[in-house]
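Engineer: Got a structure for you, written out below as structure tokens; questions coming shortly.
The values are calculated or read from the model by the stated rules, or taken from the named source; none is laboratory data. Computed from a predicted model, the values in this text were never measured in an experiment. Here the Cβ positions follow ideal geometry from the backbone for every residue, glycine too, while neighbour counts run over all protein chains shown. Please note that ligands, DNA and RNA were not included when accessible areas were found on the heavy atoms of the full protein model with its side chains. Shrake-Rupley method; radii C 1.70, N 1.55, O 1.52, S 1.80 Å.
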Amino acid sequence: MHVILLGPPGAGKGTQAERIVAEHGLVHLSTGDLLRGAVEAQSELGKEAQGYMSKGELVPDRLVSALVAEKLKTLDEAQGFLLDGFPRNEGQASDLAGEPRGRDIDHVIHLRLDDDEIVRRLLLRGRDDDTEEVIRNRLGVYERETSPLVALYEGKGLLRPIDATGTIEEIAERIRKVLRPSDTGSSEGSAA
Ligand code: ADP
């Protein structure tokens, strides 16, 4: 099973991603986590990414898409994956579609949450890049760059809208219903 997790900052992508990968035996590919790892390690990529991240801007596609492509190549055929925070704009979506392993996406889980609740949650979380100014910028970037992907994946029949309000468990249950093998219509369930 190949899943994309889409949603604004603060919608709980990371939290739900951990549950989904545990329940379905998927590899978790979070570009936010990968980039933060690169920044911490002060690799060339990390040094270049750092400035964008601290401002809430997107890291350039060529860096992020290469990072994801490299990870996808390490997975064997039967290994399912969950992409968390990627793609984040139309350029990245087309880069993904150009990757052999990125073509057969089964579900795009779209976590939906309104702006007031997003800001409230992010201020509570208090990560380095969770100051009010940077949050506001990330929301603007999401609206401008990432939200067009909703229509893109809807057009492909892959979009699964999920109400991201309520408890972690309530949201997880909504996602679980969407990902039940009987609902996917795919034939790869026997691999498990
Ligand atoms: P959030 O969803 O709360 O914004 P993430 O961990 O997904 O948190 O992303 C944190 C930052 O990492 C983003 O603001 C951005 O700078 C960078 N980033 C993560 N994923 C991508 C991506 N696919 N393309 C460009 N930049 C990214």
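Engineer: Give me the pairs, please: first residue somewhere in the range 69-80 and under 17 Å from residue 35 (Cβ atoms), second residue anywhere and assigned to a loop (DSSP other than H, G, I, E, B) and open to solvent by less than 50 Å² (accessible area, probe 1.4 Å), beta-carbon distance under 8 Å, and either six or more positions apart or on two chains.
Structural biologist: Cβ pairs passing all conditions: 69/99; 72/99.
Engineer: Going by the conditions given, is residue 108 surrounded by 16 or more Cβ atoms within 10 Å (Cβ to Cβ) and touching a strand residue (DSSP E or B) at 6+ places or on another chain (Cβ under 7 Å)?
Structural biologist: Values: surrounded by 16 or more Cβ atoms within 10 Å (Cβ to Cβ): yes; touching a strand residue (DSSP E or B) at 6+ places or on another chain (Cβ under 7 Å): yes.
Yes; evaluated as a whole, the condition is true for this residue.
Engineer: Quick one: which of 30, 54 is under 14 Å from the mean Cα position of the chain (by Cα) and surrounded by fewer than 21 Cβ atoms within 10 Å (Cβ to Cβ)? Full working, then the answer.
Structural biologist: On the way: 54 fails: under 14 Å from the mean Cα position of the chain (by Cα).
Answer to the selection: 30.
Engineer: Give the residues of the range 76-99 that are open to solvent by 30 Å² or more (accessible area, probe 1.4 Å) and more than 23 Å from residue 151 (Cα to Cα), sorted by residue number.
Structural biologist: 76, 77, 78, 79
Engineer: Could we say that residue 38 is within 13 Å of the ligand (Cβ to nearest atom), modelled with pLDDT of 95 or more and open to solvent by 30 Å² or more (accessible area, probe 1.4 Å) here?
Structural biologist: no
Engineer: Have a look at 22, 49, 17, 97 and point out the one that is without any contact (Cβ under 8 Å) to a residue 60 or more places away in the chain and touching a Leu at 6+ places or on another chain (Cβ under 9 Å).
Structural biologist: Working: 22 fails: touching a Leu at 6+ places or on another chain (Cβ under 9 Å); 17 fails: without any contact (Cβ under 8 Å) to a residue 60 or more places away in the chain; 97 fails: touching a Leu at 6+ places or on another chain (Cβ under 9 Å).
Sole residue among the options that is without any contact (Cβ under 8 Å) to a residue 60 or more places away in the chain and touching a Leu at 6+ places or on another chain (Cβ under 9 Å): 49.
Engineer: Six or more apart or on different chains, Cβ under 8 Å: which pairs go from a residue in the range 109-133 that's farther than 29 Å from residue 152 by Cα to one that's among the polar types (S, T, N, Q) and within 11 Å of the ligand (Cβ to nearest atom)? Could you list them?
Structural biologist: If the second residue must be among the polar types (S, T, N, Q) and within 11 Å of the ligand (Cβ to nearest atom), the pairs left are 128/54.
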